[in-house]
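The values are calculated or read from the model by the stated rules, or taken from the named source; none is laboratory data. Computed from a prediction, not measured in an experiment: that's the story for all the values here. Methodologically, a virtual Cβ is constructed for each residue, glycine included, from the backbone with ideal geometry; neighbour enumeration extends over all protein chains shown.
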Amino acid sequence: MNKIKLPTLCPSCSSTLNVSQLSCPHCSTAVSGTFTLPVLLKLPEEEQDFIIQFVLTGGSLKEMASRTGVSYPTVRNRLDDLIQKIKHLQSV
């Protein structure tokens, strides 16, 4: 079963999209407006998965390296890159 990925960038100009409507699948209530995406949703799915694994390992880079089969320095560098990316997204 394919997951439908939430688009975060405009297919026309590549600007960040905003959410304009939320709806309840249970009662069909809809809320309309202009809502910005949370920072973590602006990240690609692969980086979101990295963050989830980081939390699930209790923040242990050693455990993440073991689970992913890459070296500790590789995981550390990836985390450092992700930190910089999140800082940039927060300032935009």
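Descriptive notes on the structure:
- Checking each residue in the stretch 53-92 for being of a type in the set (A, V, I, L, M, F, W, C) and either out of contact with any helix residue (DSSP H, G or I) (no Cβ under 8 Å at 6 or more places or on another chain) or exposed (fewer than 12 other Cβ atoms within 10 Å of the Cβ) (or both) picks out Val55, Leu56, Val70, Ile83, Val92.
- Of the residues making up the stretch 34-43, one or more are loosely packed, with under 11 Cβ neighbours inside 10 Å, over 19 Å from the mean Cα position of the chain (by Cα), modelled with pLDDT under 95 and not aliphatic (A, V, I, L, M).
- Filter result for Ser12 (in a loop (DSSP other than H, G, I, E, B), under 22 Å from Leu89 (Cβ atoms) and at pLDDT 90 or above): yes
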